[in-house]
Ligand code: TXA
Ligand code: MG
């Protein structure tokens, strides 16, 4: 357990690294972010390089207070201020017209900027100390977002300067993204804040993403584990298992809410998932990483219910499954390897540190 003095020292050290143009992973309530000072173009470029992210995919600028909205965005509609007032700090990102000083490197050359105030106390302290931070999820492009400091250190520990450990993320999937650029608000990415909640704040209905903006999370294939993932309706699960059965048995994991149905089958590992949408989202990415590390040949996931609360989980599972059904499947690296975060050396010779302790 970190003491308040430890935490202050950790934040000071992280802010100092960020001030020198470094890259620091830090916790948010959704997933861990890969932070760099949003005003430092060279540092932002390093974030793209570390992730292997195409340069035209914009980043979210993380701020610590609503006052900073006007530093980054212009022509801010009342709807944005109302959503900010009610949902921030929290898992909501707003896309707004950008101010002219905002770098093309941050916005991917678009005339808009994405902004969010995260709800994790360490994130807020870090942004307060270091200034606004760009922070994509701290994983390689196309792969699963990290929900613990260990996930980040395992995947990126060699190439970043520090990992701030704030314990496991409480939400577990990336923020809801709403574009407020047009006449009607548009849902670009579903998350923990549901469309109905946004609609009740705004008093109007949300349009769905039309594919006109570049949102990597909206690519058809994304958020993929290494193990080939297939989504199966509950009623078809047994038949699918029978079809996949071989005399030697396939090493297969099955993610499903509730108890395993019927008899156990050789080679099949049942992974019991929560039957509550929020609890499922919280453990989803860590579960996919565990399946990857266990070296299963395949992963079958029973499709969660088609209900509003499950929108984000179904979206991420759908994109993960499509990574194995279309030619633009992400590269087979980055997930599941085990390295010791405490001994990982940075590319500039610095040690990547995973700091012990839980969120304050
Ligand atoms: O929960 C989250 O949002 C996490 C945590 C770390 O805050 N961050 C995150 O970042 O998921 P990233 O880069 O993995 O996803 C950001 C999404 C991308 O899909 C990006 O294209 C979209 O935000 N985005 C950023 N700026 C945009 C813009 N100007 N217009 C449309 N989409 C934008
Ligand atoms: Mg991401």
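Among the residues of region 181-194, those that are away from ligand 2 (no atom under 16 Å from the Cβ) and in contact with a strand residue (DSSP E or B) (Cβ under 6 Å, 6 or more places away or on another chain) comprise 181, 184, 185, 186, 187, 193. Please give the number of the condition residue 297 fails out of (1) out of contact with any helix residue (DSSP H, G or I) (no Cβ under 6 Å at 6 or more places or on another chain); (2) surrounded by 18 or more Cβ atoms within 10 Å (Cβ to Cβ); (3) in contact (Cβ under 8 Å) with a residue 60 or more places away in the chain. Going through the list (1) out of contact with any helix residue (DSSP H, G or I) (no Cβ under 6 Å at 6 or more places or on another chain); (2) surrounded by 18 or more Cβ atoms within 10 Å (Cβ to Cβ); (3) in contact (Cβ under 8 Å) with a residue 60 or more places away in the chain, residue 297 breaks only (2).
Considering each of 143, 116 in turn, give the residue that is at pLDDT below 95 and buried (at least 24 other Cβ atoms within 10 Å of the Cβ).
Values: 116 fails: at pLDDT below 95.
Among 143, 116, only 143 is at pLDDT below 95 and buried (at least 24 other Cβ atoms within 10 Å of the Cβ).
Here is the figure for region 1-27: residues that are surrounded by 19 or more Cβ atoms within 10 Å (Cβ to Cβ) and at positive phi total 0. Can residue 182 be described as in a loop (DSSP other than H, G, I, E, B), surrounded by 22 or more Cβ atoms within 10 Å (Cβ to Cβ), more than 8 Å from ligand 1 (Cβ to nearest atom) and assigned by TED's automatic domain parsing to the domain that holds residue 16? So residue 182 fails the test.
Which is farther than 14 Å from residue 132 by Cβ and under 17 Å from the mean Cα position of the chain (by Cα), of 53, 74? Show your work before the answer.
Numbers: 74 fails: under 17 Å from the mean Cα position of the chain (by Cα).
Result: 53 is the single residue among 53, 74 that is farther than 14 Å from residue 132 by Cβ and under 17 Å from the mean Cα position of the chain (by Cα).
Of all the listed residues (131, 142, 172, 166), the sole one being over 18 Å from residue 73 (Cβ atoms) and away from ligand 2 (no atom under 16 Å from the Cβ) is 166.
Quick grid of which residues meet (1) surrounded by fewer than 20 Cβ atoms within 10 Å (Cβ to Cβ); (2) modelled with pLDDT of 90 or more; (3) under 15 Å from the mean Cα position of the chain (by Cα); (4) in a helix (DSSP H, G or I):
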position: 306; (1), (2), (3), (4): yes, yes, no, no
position: 313; (1), (2), (3), (4): no, yes, yes, yes
position: 316; (1), (2), (3), (4): no, yes, yes, yes
position: 324; (1), (2), (3), (4): yes, no, no, no
position: 327; (1), (2), (3), (4): yes, no, no, no
position: 330; (1), (2), (3), (4): no, no, no, no
position: 335; (1), (2), (3), (4): no, no, yes, no
position: 338; (1), (2), (3), (4): yes, no, no, no
position: 342; (1), (2), (3), (4): yes, no, no, yes
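On the given criteria, is residue 23 within 14 Å of ligand 1 (Cβ to nearest atom), more than 21 Å from residue 189 (Cα to Cα), under 22 Å from the mean Cα position of the chain (by Cα) and touching a residue at least 12 places away in the same chain (Cβ under 8 Å)?
Values: within 14 Å of ligand 1 (Cβ to nearest atom): yes; more than 21 Å from residue 189 (Cα to Cα): yes; under 22 Å from the mean Cα position of the chain (by Cα): yes; touching a residue at least 12 places away in the same chain (Cβ under 8 Å): yes.
It is true that residue 23 is within 14 Å of ligand 1 (Cβ to nearest atom), more than 21 Å from residue 189 (Cα to Cα), under 22 Å from the mean Cα position of the chain (by Cα) and touching a residue at least 12 places away in the same chain (Cβ under 8 Å).
Residues considered: 81, 99. Of these, the only one that is assigned by TED's automatic domain parsing to the domain that holds residue 178, farther than 23 Å from residue 163 by Cβ and out of contact with any strand residue (DSSP E or B) (no Cβ under 8 Å at 6 or more places or on another chain) is 81.
Just to be sure before I move on: is residue 123 buried (at least 24 other Cβ atoms within 10 Å of the Cβ) and out of contact with any helix residue (DSSP H, G or I) (no Cβ under 9 Å at 6 or more places or on another chain) in the structure I sent?
Values: buried (at least 24 other Cβ atoms within 10 Å of the Cβ): yes; out of contact with any helix residue (DSSP H, G or I) (no Cβ under 9 Å at 6 or more places or on another chain): yes.
It is true that residue 123 is buried (at least 24 other Cβ atoms within 10 Å of the Cβ) and out of contact with any helix residue (DSSP H, G or I) (no Cβ under 9 Å at 6 or more places or on another chain).
Listed conditions (1) more than 16 Å from ligand 2 (Cβ to nearest atom); (2) modelled with pLDDT of 95 or more are all met by residue 241, apart from (2). Among the residues of region 64-93, which ones are out of contact with any helix residue (DSSP H, G or I) (no Cβ under 8 Å at 6 or more places or on another chain) and part of a helix (DSSP H, G or I)? The answer is 67, 68, 70, 71, 72, 78. Could you say whether any residue in region 107-114 is within 16 Å of ligand 2 (Cβ to nearest atom) and not in a helix (DSSP H, G or I)? Yes: region 107-114 contains one or more residues that are within 16 Å of ligand 2 (Cβ to nearest atom) and not in a helix (DSSP H, G or I). Among the candidates 122, 115, 126, 96, the residue that is under 15 Å from residue 65 (Cα atoms) and near ligand 1 (Cβ under 10 Å from one of its atoms) is uniquely 115.
Can you confirm whether region 129-138 contains a residue that is within 12 Å of ligand 1 (Cβ to nearest atom), outside any strand (DSSP E or B) and more than 30 Å from residue 85 (Cβ to Cβ)? Write out each step before concluding.
Initial filter on region 129-138 (within 12 Å of ligand 1 (Cβ to nearest atom)): 133-138.
From what's left, outside any strand (DSSP E or B): 135-136, 138.
Now restrict to residues that are more than 30 Å from residue 85 (Cβ to Cβ): none.
Within region 129-138 (the criterion being within 12 Å of ligand 1 (Cβ to nearest atom), outside any strand (DSSP E or B) and more than 30 Å from residue 85 (Cβ to Cβ)), the answer is no, since none of the residues qualifies.
The sole residue among 34, 59, 18 that is within 16 Å of ligand 2 (Cβ to nearest atom), in contact (Cβ under 8 Å) with a residue 24 or more places away in the chain and over 18 Å from residue 112 (Cβ atoms) is 34.
The values are calculated or read from the model by the stated rules, or taken from the named source; none is laboratory data. These figures come from a predicted structure and were not determined experimentally. So basically every Cβ, Gly included, is an ideal-geometry build from the backbone, and we count neighbours across all protein chains shown.
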